[in-house]
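Peer 1: Questions regarding the structure given below will be posed in turn.
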């Protein structure tokens, strides 16, 4: 059963005798990527078996505490260190020792549209507000320093479709407690409205023989109006049905004609070599049939669609639009795969200040990934499949996970699953 992150649920495992610091390195370290049972699970895709000789420890506050194997509780995204001999051909190992690492409290800076207002628990502090933004559940308390940019006020800020920026501390149970928060209207500016209009077209009407030149693509990236459609009615119906379920409730409830409403539509295209869908400012999402065919189930396909819906909700496209380009090369870099190493979240202005396109790309991928997990959860899809989807898309040609190194995009989502979510 999935337990939502706002419920304080991280309980220390049964305590035994505490031991000192380790003086030797683990043979395998990373995140739990699959749990079949407490005796059979994967860490970074390596199959790990535990037996009666395996020793188990829990690390918290730099102290290792021995625990009994029968009391072991594992969840996808849990940080782990494994000791034992790796059998490379089998991509497996029998653990002589397993260390589970407690999630640590840490600082977070975030910014995004409020896409839901979660119900507060009975233990919520007085005069507090819960909101969901940037892929986090954020607690605003009476100690939070608040700023409201006109026309926003304290009476109108705590609702969906409002933009919030915050600095916060994330607790071990995943809840984010804000020390500062600033609220502003999620307005559609003139440039955004013009770009939406410019990118409004019928993807199914593009000529089947359309082709974009290499020079144009290398300078400005992909021109979506030169991407030919892919005709498969059954596949299109499946993609559209899944996509419609993922659109957040607040967007679905906005009246037609409201400028804040994004008209999300999903179109199949023929675009080989691209490992993602493509979101346009108009709400059109172009989905390569090659991506759909790599997905093993609806939750994995929903992951790609949810990530692109999230990109549209967070207006990522408008952060990277240079003059004269339709879809810039920076955006294209994210579609074809990235070797960037995930970094802690930071505001877009801060990333631009240091001039790093790679940092902006990482920021956007991490943000849309976090938000996509929320959308997947709302729609009833299995969020543990999200990192698997990007793992399957990481190789140039279709391969199994055991033949593919885990990409940073998948690794980051496992980290988020461990920090923001967990299973019992």
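The values are calculated or read from the model by the stated rules, or taken from the named source; none is laboratory data. In this text the structure is predicted, and so the values were computed from the model without any measurement. Note that each Cβ is placed from the backbone with ideal geometry, even for glycine, and that neighbours are counted across all protein chains shown.
Peer 1: When you go through 262, 285 one by one, which is the residue that is within 27 Å of the chain's Cα centre (by Cα) and part of a loop (DSSP other than H, G, I, E, B)? Spell out how you get there, then give the answer.
Peer 2: Values: 285 fails: part of a loop (DSSP other than H, G, I, E, B).
Sole residue among the options that is within 27 Å of the chain's Cα centre (by Cα) and part of a loop (DSSP other than H, G, I, E, B): 262.
Peer 1: Within segment 245-256, is there a residue that is within 20 Å of residue 294 (Cβ to Cβ), assigned by TED's automatic domain parsing to the domain that holds residue 376 and at pLDDT below 95?
Peer 2: Within segment 245-256, none of the residues are within 20 Å of residue 294 (Cβ to Cβ), assigned by TED's automatic domain parsing to the domain that holds residue 376 and at pLDDT below 95.
Peer 1: Does residue 82 qualify as being in the same structural domain as residue 32 (by TED's automatic domain parsing), outside any loop (DSSP other than H, G, I, E, B) and more than 24 Å from residue 253 (Cβ to Cβ)? Can you show your working first?
Peer 2: Values: in the same structural domain as residue 32 (by TED's automatic domain parsing): yes; outside any loop (DSSP other than H, G, I, E, B): yes; more than 24 Å from residue 253 (Cβ to Cβ): yes.
The answer is yes for residue 82.
Peer 1: Looking only at segment 229-259, which residues are in a loop (DSSP other than H, G, I, E, B) and under 22 Å from residue 376 (Cα atoms)? Even if it seems obvious, please write down each step before you answer.
Peer 2: Initial filter on segment 229-259 (in a loop (DSSP other than H, G, I, E, B)): 230-232, 247-248, 254-259.
247, 248, 254 - these are the residues of segment 229-259 that are in a loop (DSSP other than H, G, I, E, B) and under 22 Å from residue 376 (Cα atoms).
Peer 1: So which residues in segment 363-406 are surrounded by 20 or more Cβ atoms within 10 Å (Cβ to Cβ), under 15 Å from residue 46 (Cα atoms) and at pLDDT below 95?
Peer 2: none
Peer 1: How many of the residues in segment 372-419 are within 24 Å of residue 358 (Cβ to Cβ) and either outside any helix (DSSP H, G or I) or outside the structural domain of residue 247 (by TED's automatic domain parsing) (or both)?
Peer 2: Summing the residues that are within 24 Å of residue 358 (Cβ to Cβ) and either outside any helix (DSSP H, G or I) or outside the structural domain of residue 247 (by TED's automatic domain parsing) (or both) in segment 372-419 gives 8.
Peer 1: To continue, here is another question. Quick one: which of 231, 194, 225 is over 30 Å from residue 120 (Cα atoms), modelled with pLDDT under 95, surrounded by 12 or more Cβ atoms within 10 Å (Cβ to Cβ) and not assigned by TED's automatic domain parsing to the domain that holds residue 114?
Peer 2: 225
Conditions tested, residue by residue: (1) loosely packed, with under 14 Cβ neighbours inside 10 Å; (2) under 20 Å from the mean Cα position of the chain (by Cα); (3) in a strand (DSSP E or B).
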position: 151; (1), (2), (3): yes, no, no
position: 156; (1), (2), (3): yes, no, no
position: 163; (1), (2), (3): no, yes, yes
position: 167; (1), (2), (3): no, yes, yes
position: 183; (1), (2), (3): no, no, yes
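Peer 1: Report the residue count in segment 59-83 for those that are at pLDDT below 90 and within 21 Å of residue 414 (Cα to Cα).
Peer 2: Matching residues across segment 59-83 total 4.
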